[in-house]
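Working notes for the structure below.
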Amino acid sequence: MLKSESSRMAWFACGIVGGMMLSYFWPSEVALADVDRDSDAKFAMVTVPVGLTAGDAVFVLDFLTGRLYGASLNPQTAKYTQIYLRNVLADFGLSPDIKPRFVISAGALNISARGSTRKQPATGGVHIAELNSGKVISYAFPFSLSPRVEAPETLTIVDGFQFRQNVE
């Protein structure tokens, strides 16, 4: 009886060690949350990650005016301390008589700061496509963990591309 019990314990120990070795060498994937986005007929809202130690920035694109507004919540003060804005209508080069048709999304940019700037760019960015112009333009914005309220910043164009011919 003693031999049978020690045999079971040995098999149990081998199973534990084998399972631990298998889990150590098994490839794993990092689980990431999806970016939230919602829209209406006249505006859309998207959240954009700003960095590892902070939450997200919230951006609202007004389809009627072409204005993109955003703000990032400071984790230390639980207040919106950074405001972002840009009139994206001019970036797509549409004539005033054409009604724009926008789609907005967020994604990782992970670009480095250029030149001498006191703020690093956020890890995420805003991507906007417009159907009439056939363009997609990506925007970046700076982020810092400073707890003081700062003056509004303008989003900067990172790059863009043409996905179809201009309708005009």
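The values are calculated or read from the model by the stated rules, or taken from the named source; none is laboratory data. Being a predicted model, the structure only gives us computed values, none of them experimental. Heads up, the Cβs are rebuilt from the backbone with ideal geometry, glycines too, and the neighbour counts pull from every protein chain shown.
General remarks:
- Residue within the range 102-124 that is of a type in the set (D, E, K, R), surrounded by fewer than 17 Cβ atoms within 10 Å (Cβ to Cβ) and under 22 Å from Met45 (Cα atoms) present: no
- Of Leu155, Leu73, all but one fail to be touching a Phe, Trp or Tyr at 6+ places or on another chain (Cβ under 6 Å), modelled with pLDDT under 90 and within 19 Å of Met45 (Cβ to Cβ); the exception is Leu73.
- Complete set of residues in the range 73-101 that are out of contact with any Asp or Glu (no Cβ under 8 Å at 6 or more places or on another chain), part of a strand (DSSP E or B) and surrounded by 18 or more Cβ atoms within 10 Å (Cβ to Cβ): Asn74, Arg86
- As a summary of the residue check, Ile137 satisfies the conditions (1) surrounded by 12 or more Cβ atoms within 10 Å (Cβ to Cβ); (2) within 25 Å of Asp40 (Cβ to Cβ); (3) out of contact with any helix residue (DSSP H, G or I) (no Cβ under 9 Å at 6 or more places or on another chain) except for the one numbered (3).
- Filtered by the rule that a residue be among the hydroxyl-bearing types (Ser, Thr, Tyr) and more than 20 Å from Asn87 (Cβ to Cβ), the range 139-161 gives Ser144, Ser146.
- Selection within the range 37-61 - among the polar types (S, T, N, Q) and buried (at least 18 other Cβ atoms within 10 Å of the Cβ): Thr47
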